[in-house]
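Reviewing the structure listed below.
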Amino acid sequence: MNGDIDAQRSGSRPRLARAFAPGSVGNIGVGFDLLGHSIAGVRDVALVRRIDEPVVRIAAIRGDVAGVDTLPLQAERNTAGQALIALRATLGLSHGFELELEKGIPLGSGLGGSAASCVAALVAANALLDAPLPREALYAFALDGESVSSGSRHGDNVAPMLLGGVVMATATRMIPLDVPAWLHAVVVHPDQVLETRRARAVLADPYPLHVVVEQSAHLALFLTGLQRGDATLLREGLRDLLVEPRRAPLIPGFAAAKAAALEHEALGASISGAGPSTFAWFASHAQAEAAAPAMQAAFADAGYGSRAYVTPVAGPRADVIAAGAYA
C-alpha cells in the first residue's frame, strides 16, 4: 500500500482512499455483545479503489501477523468484502470496489481483528461515494461483515471502532457513552489463539436466574460509574459473572494476569472480546503503565510471550488516512 488518498478523481470524489480501524475491547467484561471500547496501539488498514466494474473484489491481504495467508480472498467470505457487498447492494451502486487489506491486529486475539478489517474498508469506501454516509449509517453494513466471522450480528467491536471510545451497541443503534479522561486500560495479548466460535460455544448452557440478576446489577453500577466518572462504582460494577468463568479455563495464564492487575489497583479486569487478550481498567495512566509488566509476567510464567498496550479507554475512531500521512 502506498498510504495516500489518490489524487485521481471521478467527478468531485477520489478514486482511491486508505483508512484505518483501531483494535477494540469487546464486551468490557460486564456487557456481553453490548459494550466495547476502542484502543490505541494496534489497527488494521484498508486500501479501497473505486472501479467501474459492479463487483467487490479483494486484490490482496498482507500483514506481519500469523495466519494472514489463511484469510479468504473471496469477498463474500471475508468480513471486509461482505461489508462492501452489503453497502453496494443497499445503495444500488453502479460502480464497485477493489480492496487491499493490511492486517495489524493478530488473528484470534480478542482485539476485534475481523471487525477492524470491515470497518476500515467501509470508512475508506464511504470516502469514495458521491454522497458519503454518516457514521451511524455504516453500522448495519459493519454488522453484515462481522457476521461472516462470528456467525452473529453483534456490534460491540464495530461500534466503538466507528465512533471511538466506549459505545453501547444494540441491534440497531450505536450509543456513545461518557468516559472520564483519567480512565486508562492495559490490554495484554498473549501468544495464543482462541477462535471466536469456540469461545462462544462454552456459553451455550443456560444460566441460573439469580446470576443473571446479579450481573444486571453489575452492569447498572458500571454504566452509572461511567456517566458519573465514579471510580468506586466502576470497581463495583466491572465484575463479569456470566462469560468470564466459562472462558477463563480456555486461556492459560489469564487468572494470574487478572490477579496481577488487581494487585496493581485495577478497577477491574476481564477477557477482551472472545479472548485470549486480557484487559484491565485503571484510574490513571501511571497505574496502567505500572501494571502492564506484571500482567505480562503472569503470562510468561504460564509459558507465553505477550504484547501489552497501554491506552486511554476513550480510544480513537476509524478514519481516512490523509494523503502523505504516516500509516
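The values are calculated or read from the model by the stated rules, or taken from the named source; none is laboratory data. Keep in mind the model is a prediction, meaning the values are calculated, not measured. Neighbour counts run over all protein chains shown; Cβ positions are idealised from the backbone, glycine included. We work out accessible area using only protein heavy atoms, side chains counted, and drop any ligands, DNA or RNA first. Shrake-Rupley method; radii C 1.70, N 1.55, O 1.52, S 1.80 Å.
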So which residues in region 133-184 are part of a loop (DSSP other than H, G, I, E, B), modelled with pLDDT under 95 and crowded, with 21+ Cβ neighbours inside 10 Å, if there are any at all?
-> His154
Restricting attention to region 290-304, report how many residues are in contact (Cβ under 8 Å) with a residue 60 or more places away in the chain and loosely packed, with under 15 Cβ neighbours inside 10 Å.
-> 0
Residues in region 233-244: is at least one open to solvent by 50 Å² or more (accessible area, probe 1.4 Å), in a helix (DSSP H, G or I) and in contact with a Gly (Cβ under 9 Å, 6 or more places away or on another chain)?
-> yes
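Let's see how each residue does on (1) in contact (Cβ under 8 Å) with a residue 60 or more places away in the chain; (2) touching a helix residue (DSSP H, G or I) at 6+ places or on another chain (Cβ under 7 Å):
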residue	(1), (2)
Ser117	yes, yes
Ala121	yes, yes
Asn126	no, yes
Ala131	no, no
Asp156	yes, no
Say whether the condition of being under 28 Å from Ser306 (Cβ atoms) and hydroxyl-bearing (Ser, Thr, Tyr) is met by at least one residue in region 176-198.
-> yes
Got at least one residue in region 87-108 being open to solvent by less than 40 Å² (accessible area, probe 1.4 Å), small (Gly, Ala, Ser) and touching a His at 6+ places or on another chain (Cβ under 7 Å)?
-> no
Would it be correct to say that Gly315 is buried (at least 20 other Cβ atoms within 10 Å of the Cβ), within 17 Å of Leu183 (Cα to Cα), in contact with a Pro (Cβ under 9 Å, 6 or more places away or on another chain) and at pLDDT 95 or above?
-> yes
In region 19-41, is there at least one residue being closer than 11 Å to Glu98 by Cα and crowded, with 24+ Cβ neighbours inside 10 Å?
-> no
Residues located in region 203-216, provided they are open to solvent by 50 Å² or more (accessible area, probe 1.4 Å) and in a helix (DSSP H, G or I) | Leu209, His210, Val212, Val213, Glu214, Ser216
From (1) in a loop (DSSP other than H, G, I, E, B); (2) surrounded by fewer than 24 Cβ atoms within 10 Å (Cβ to Cβ); (3) among the aliphatic types (A, V, I, L, M), pick out the condition that doesn't hold for Ala266.
-> (2)
Has region 188-202 got any residue that is open to solvent by 40 Å² or more (accessible area, probe 1.4 Å), closer than 20 Å to His37 by Cα and without any contact (Cβ under 8 Å) to a residue 40 or more places away in the chain?
-> no
Do the conditions hold for Ile321, that is, is it open to solvent by less than 40 Å² (accessible area, probe 1.4 Å), of a type outside the set (Gly, Ala, Ser), in contact with a Lys or Arg (Cβ under 6 Å, 6 or more places away or on another chain) and more than 20 Å from Gly26 (Cβ to Cβ)?
-> yes
Pairs under 8 Å by beta carbon, first residue closer than 19 Å to Arg200 by Cβ in region 233-253, partner in a loop (DSSP other than H, G, I, E, B) and among the β-branched types (Val, Ile, Thr), six or more apart or different chains?
-> Asp240/Val30; Arg246/Val202; Arg247/Val202; Leu250/Val202
